[in-house]
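A.B. asks: Pasting a structure below so you can have a look.
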Amino acid sequence: MITPAFELTQDPDFLTIIIKVPYARPSEFDVYFEGEDFKFYAKPYFLRQCGISFFACRLTLPGRIVEDGREKASYNTDKGIRTFTICLPKEIPGQYFEGLDMLTSLLAPKKSRSAKPLVEEIAASAELSEEEEEVFDWEIEQTPYKESVESTLPLQHRYGFGNLRSGVFQRLQDELSDVIDVKDPDHTPVDERRRKRLAAEAAKFEPDHYLADLFEDEAIQHVLKYKPWWVDAHKKMIALHGESRQERDTHTFVVFSEEEKEQLRKFTNKSYLLDKRSRHQVYLGLIDILLAYCYEVCVNEGDKNVESSWNVRKLSATLCWLESFTSIHDVLVSFGRRVLCYPLHRHFALVTRAFNDTVMILQLGKAAVLKCLLDIHKIFMENDPFYILNDLFITDYCIWIQKSKSKKLAALCESLQKTTLTKSHMGFELEELEAAAVLVQEEESTLKAAGTVSKQQLLSSESETSDSEESSSTSSSETEGSDSDERESSTSEDGKINSLQGTLQEERTAPLTDCNGLRQGTNTSAFDVSDEKSKVSLQSTSAPGKLIEELEKQMHTAIRLSEEPEGLATTSCILQDQEETLLSESDRYSKDTTGKGNFLEVSSKTNPLLFLCNTNEDED
């Protein structure tokens, strides 16, 4: 027997059941309905080839239907799919059948709910009736859970959905570190798990990462703009808030895909025997898982990636540390701390966004919660070895939520809205850290502003300096112009002197010439012996007279040079020295002529007489 694909819809008067059966014979199917029971049977074409004995769809309806002649059925083969559509009248026209999209809970036969073969079932039924009567207190007293130690065997602590499992990870040691963070969960009590979790979060928190996301939040502000599907659904629900319940019930805010419906049909329907404490922990664990899922949807903008399963698992202490919470506030604090410690984006605004999204999902009802749980189930199923978390938590949550009371979810949502969460609750001194960072930022901005002012002042001073340099360069150019004129005049005069000195230098190195025009080397000290007497007589009679005449001319020249400007004072002094030398030479010459005086002795000093003689000869 196999259960075919089916779905249920309703209007005020009829309940419509649509059943899709491949290979079925239209002439060989049976339908039975009475009260809350509905049964459908059909035989396929080829029993051996398809391996199916028959199709059977047995449903337990949330309301009563009646057979009064208005019922009808049709068969359609469009698009190759054989579809049976059966319309059944409601016993009470206008009645709203709640939970028609909870397919797993509809598959259970009615007798499985009402039968009481075991004592546990009787106790569970009694407790369920008490649960419906009392108002559930979500802020129950926090008393540590104590395990009974009656057996001599090693104590195994429980975990999983409703703390119904134990010993699971003893068989899965290889996958343990990839799935959960607590080591040896079977022998670690709940209080120790909590202490280790808090210590791990405190060690993982990085102030630099938090401040970087706080002050450079462009990426975070971008993902916060994303609107998941439940935002539009919630707006539609709020828009219909003023309408009657009947009108609201006709609108469907949450729609399941065919893949999700198929997954619901694959679940095995079962009952859960939970005491009051366990039920309380199940509801709080549901909030924790939804918070982590809302964060994942927001930061990835609805897309799935390789980090999706890690984000949901890591941010939920229920999944990662097998935590059992005792209050809603503890759930929020745990989620907030883990958001600030582990994922890529660590911003408190993401905590607030996930909180608001969880509230909207709970307000939309069981269908929205179930749709989110189905998505989480798919994420874990596609990522090995996270499928273990489906077996421990998510599959049971998907089955359990379909049977939960809508009033309980509404009460849970109201308590969640009343709970406040601030940065001071995180335990990381976030406010002090942000204040210190703001002070540092202000100091940096002040220093930067001061640096900007100093740069402007420096630029202005440089401009002023350049202006003054330009003016000074202009004046200096003018001064240089006047100096150049003076230098030109002095240069012209110096040129004359230099030319005079150059001539002196030439004469100093040139061969000597006597008064008669005879050439003589600088080292020559005697004349020919044959002409000695005539030369000596000539020199004795004519040389002193000419020397006196040349001396007078040199004196006149020295007087003229002394009357030149100050720039030529040095030249005058030189000429005066030369004059004194000339006088001493003339005296010595006269002494030599009166005495022995046979030869003209050449002085080692420069003889200005030669220069003067050459000049006079040129003039002559």
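The values are calculated or read from the model by the stated rules, or taken from the named source; none is laboratory data. Everything numeric in this text was worked out from a predicted model, so none of it was measured. Note that we place each Cβ from the backbone using ideal geometry, even for glycine, and neighbour counts take in every protein chain shown. The protein model used for the area step is the full one, side chains on, heavy atoms only, and it has no ligands, DNA or RNA in it. Shrake-Rupley method; radii C 1.70, N 1.55, O 1.52, S 1.80 Å.
A.B. asks: Ranked highest first by average number of other Cβ atoms within 10 Å, how do 15-22, 370-377 line up?
C.D. replies: Numbers: 15-22: 19.1, 370-377: 22.9.
The packing order, highest mean first, is 370-377, 15-22.
A.B. asks: Suppose each label sits 7 Å from its Cα in the direction of the beta carbon; what would the TYR32-THR352 distance come out to in nanometres?
C.D. replies: 6.0
A.B. asks: Could you report the accessible area of ASP275 in Å², rounded to 10, computed with a 1.4 Å probe on the protein chains as they sit in the structure?
C.D. replies: Looks like 70 Å² after rounding.
A.B. asks: What do you reckon, how do SER316, SER415 stack up by accessible area (1.4 Å probe), largest on top?
C.D. replies: Working: SER316 0, SER415 35 Å².
The residues order as SER415, SER316, largest area first.
A.B. asks: Lys and Arg at +1, Asp and Glu at -1: add these up for the other residues within a Cβ distance under 14 Å of ASN390 and post the number. Intermediate results must be reported in sequence, preceding the final value.
C.D. replies: Working: positive: ARG165, LYS266, ARG313, LYS378; negative: GLU175, ASP375, GLU382, ASP384, ASP391, ASP396.
Within the 14 Å Cβ shell, the charges total -2.
A.B. asks: Karplus couplings for the stretch 389-397 from phi (6.51 cos²θ - 1.76 cosθ + 1.60, θ = phi - 60°), rounded to Hz, Gly and Pro as x?
C.D. replies: Each residue of the stretch 389-397 in turn: 5, 5, 5, 7, 10, 5, 4, 5, 5 Hz.
A.B. asks: Contour minus end-to-end for ALA219 and ARG195, with contour as 0.36 nm per residue of separation and end-to-end as the Cα-Cα distance? Spell out each step's value before the answer.
C.D. replies: Values: separation 24, 0.36 × 24 = 8.64 nm, distance 3.35 nm.
So the chain would gain 5.3 nm between ALA219 and ARG195.
A.B. asks: Out of residues 5 or more away from GLN10 or on other chains, whose amide H comes under 5 Å of its own, with H placed 1.01 Å from N in the peptide plane?
C.D. replies: Long-range HN contacts for GLN10: THR16.
A.B. asks: ASP13 to MET381: FRET efficiency via 1/(1 + (r/R0)^6), r the Cβ-Cβ distance, R0 35 Å, to the nearest 0.05?
C.D. replies: Numbers: r = 40 Å, r/R0 = 1.15.
The formula returns an efficiency of 0.30 here.
A.B. asks: What FRET efficiency comes out for the pair ASP232/SER460, r = Cβ-Cβ distance, R0 = 60 Å, nearest 0.05? Intermediate results must be reported in sequence, preceding the final value.
C.D. replies: Numbers: r = 60 Å, r/R0 = 0.99.
So the FRET efficiency works out to roughly 0.50.
A.B. asks: Further question: Determine the sum of side-chain charges near PHE335: Lys and Arg each +1, Asp and Glu each -1, restricted to other residues whose C-beta is under 14 angstrom from that of PHE335. Walk me through the intermediate numbers first.
C.D. replies: Numbers: positive: ARG197, ARG313, LYS314, ARG337, ARG338, ARG346, ARG353, LYS423; negative: GLU201, ASP288, GLU296, GLU323, ASP330, ASP357.
Here the count lands on +2.
A.B. asks: Which entries in the list LYS72/LYS405; LYS261/LYS366; LYS366/LYS418; LYS20/LYS366; LYS314/LYS408; LYS20/LYS261 go over 22 Å, if you measure between the two C-alpha atoms of each?
C.D. replies: On the way: LYS72/LYS405 32 Å; LYS261/LYS366 15 Å; LYS366/LYS418 20 Å; LYS20/LYS366 25 Å; LYS314/LYS408 27 Å; LYS20/LYS261 13 Å.
Correct reply: LYS72/LYS405; LYS20/LYS366; LYS314/LYS408.
A.B. asks: Label-point separation (nm) for TYR272 and ALA239, each offset 7 Å from Cα along Cα-to-Cβ?
C.D. replies: Between TYR272 and ALA239, the label points sit 3.5 nm apart.
A.B. asks: Given charges of +1 on the Cβ of Lys and Arg and -1 on the Cβ of Asp and Glu, with all other atoms neutral, how large is the dipole of the stretch 170-431 about its Cα centre, in debye to the nearest 20? Mind dumping the intermediate values first?
C.D. replies: On the way: 37 positive and 40 negative charges, 263 e Å.
With Lys and Arg at +1 and Asp and Glu at -1, about 1260 debye.
A.B. asks: Could I ask something else about it? Taking 0.36 nm per residue of separation and subtracting the Cα-Cα distance, what length does fully extending ALA450 through GLU307 add? Before the final figure, lay out each step's value.
C.D. replies: Working: separation 143, 0.36 × 143 = 51.48 nm, distance 4.59 nm.
The span from ALA450 to GLU307 would gain 46.9 nm if fully extended.
A.B. asks: Also: Just read off the accessible area of THR420 with the full protein assembly in place, 1.4 Å probe, to the nearest 10 Å².
C.D. replies: Accessible area of THR420: about 90 Å².
A.B. asks: Counting only the heavy atoms of the protein chains, how much of ARG158 is accessible to a 1.4 Å probe, in Å² to the nearest 10?
C.D. replies: For ARG158, solvent-accessible area is about 110 Å².
A.B. asks: For the pair ALA203 and GLN173, how long in nm is the line joining their label points, each one 7 Å along Cα→Cβ?
C.D. replies: 2.2
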